[in-house]
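Below is one structure; the comments refer to it alone.
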Amino acid sequence: MTHAITVEESRQLDAKTINEIGIPSLVLMERAGLKIYENMISNNDLDLSSTLILAGTGNNGGDALVVARLLVTHGYKVHTLTVGNPAHASDDHVTQAKICDYYQIPKVFLDENFDKYTTIVDGLFGSGLSRNVGGDFATVIDKANASTAKCHAIDIPSGLNGDTGEVMGTAIKATSTSTVAYPKVGMLKDQAKAYTGRIFVDDIGIYRGNQFEGD
Ligand SMILES: NC(=O)C1=CN([C@@H]2O[C@H](COP(=O)(O)OP(=O)(O)OC[C@H]3O[C@@H](n4cnc5c(N)ncnc54)[C@H](O)[C@@H]3O)[C@@H](O)[C@H]2O)[C@@H](O)CC1
Ligand SMILES: [K+]
């Protein structure tokens, strides 16, 4: 597996790639979503007959909404559940939500029965997780873990501390995780394995060190 980085390094690399190098954030989000979609359709552990996309209102949720749209445009059955206050959504999340609305991707709410789905995509939190998980987020994570569906996590299983591999209140137990650019150090700790499952590392054009070497 390639080099692992801390969550702070990950956030700095994202910011450098966008603000200094000049690759637009929506380009990175589209590349991330496409890689995650490809990981999912090539992963025989997942049954994509019916997928529930869990989206937080940040960019992890934005990645998840790209996956929702790519699944729908390729003929898969998808529903989305957005958790958090839409008034505080990131700009890129809002853009992706509008695109999902164009495709009329059906929305469900907190009372949904998760056992109706074969796969759940976890896009609640990634590198932005900053405190213990509670409230609606904890409810949704616990429902996903208790359901018969298998989870595929985006970047970091929601609720897992990307630096220590510890659970911050509660955390998604994923069958597989698509981590963006580099694995985060906490995801490689022994105790994190039950939460990350199989890890895919997705190159989306964000590189540490010499970007021409892509290390
Ligand atoms: N454009 C970019 O910067 C890129 C972002 N990417 C994706 O974006 C993610 C990071 O996105 P964001 O920085 O928007 O953050 P997240 O989407 O991880 O989190 C969203 C927000 O949740 C809030 N939050 C944190 N802990 C919480 C808690 N316990 N309860 C309730 N709310 C809480 C914070 O205000 C945080 O900003 C990455 O993990 C990755 O999936 C990738 O697509 C690569 C490019
Ligand atoms: K996640």
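Observations, loosely collected:
- In order through the range 165-178: 3J(HN,Hα) via Karplus (6.51 cos²θ - 1.76 cosθ + 1.60), integer Hz, x for Gly, Pro: x, 8, 8, 9, x, 8, 8, 5, 9, 8, 6, 8, 9, 9
- Between Lys107 and Asp203, the contour length at 0.36 nm per residue exceeds the Cα-Cα span by 31.6 nm.
- 5 angstrom amide H check on Val121, placed H, neighbours 5+ away: Leu52, Ile53, Leu54, His152
- The range 124-159 and the range 173-199 have Cα centres separated by 13 Å.
- Placing one equal scatterer on every Cα of the range 1-107 and applying the Debye formula, the log10 ratio I(q)/I(0) at q = 0.12, 0.16, 0.19, 0.24 Å⁻¹ is -0.44, -0.77, -1.02, -1.34.
- Under 19 Å from Lys184, Cα to Cα: lysines that are on another chain or at least 8 residues apart: Lys16, Lys35, Lys173, Lys193
- Each of Lys77 and Ala146 was given a label point 7 Å from its Cα along the Cα-to-Cβ line. The distance between the two points is 2.4 nm.
- Taking only Cα atoms of the chain, radius of gyration then Dmax in Å: 15.8, 48
- Globularity ratio of the range 70-118, using Cα Rg and 2.2 N^0.38 Å: 1.24
- Sum of side-chain charges, Val167 neighbourhood, beta-carbon under 15 Å (Lys, Arg +1; Asp, Glu -1): 0
- Summing charges over neighbours of Lys189, with a neighbour being any other residue whose Cβ is under 14 Å away from its Cβ, gives -1 when K and R count +1 and D and E count -1.
- At least 20 Å along the helix axis (C-alpha) and Kyte average at least 0.0, DSSP helices within the chain: 25-41, 59-73
- Out-of-range pairs (alpha-carbon distance over 24 Å; input Lys107/Lys189; Lys107/Lys150; Lys150/Lys189): Lys107/Lys189
- For the range 101-215, a Kirkwood hydrodynamic radius built from all Cα pairs, placed in the Stokes-Einstein relation at 4 °C and 1.567 mPa s, yields a translational diffusion coefficient of 87 µm²/s.
- Total charge dipole magnitude, the chain, about the Cα centre, Cβ charges on Lys, Arg, Asp, Glu only, Debye to nearest 20: 320 debye
- A protection proxy built from the mean count of other Cβ atoms within 10 Å ranks the segments 188-201, 154-167, most packed first, as 154-167, 188-201.
Here, each number is a calculation from the coordinates, and none is a lab measurement. This one's a predicted model, so the numbers in the text were calculated from it and none came from an experiment. Don't worry about glycine lacking a Cβ; one is built from the backbone with ideal geometry, like all the others, and counts go over all protein chains shown.
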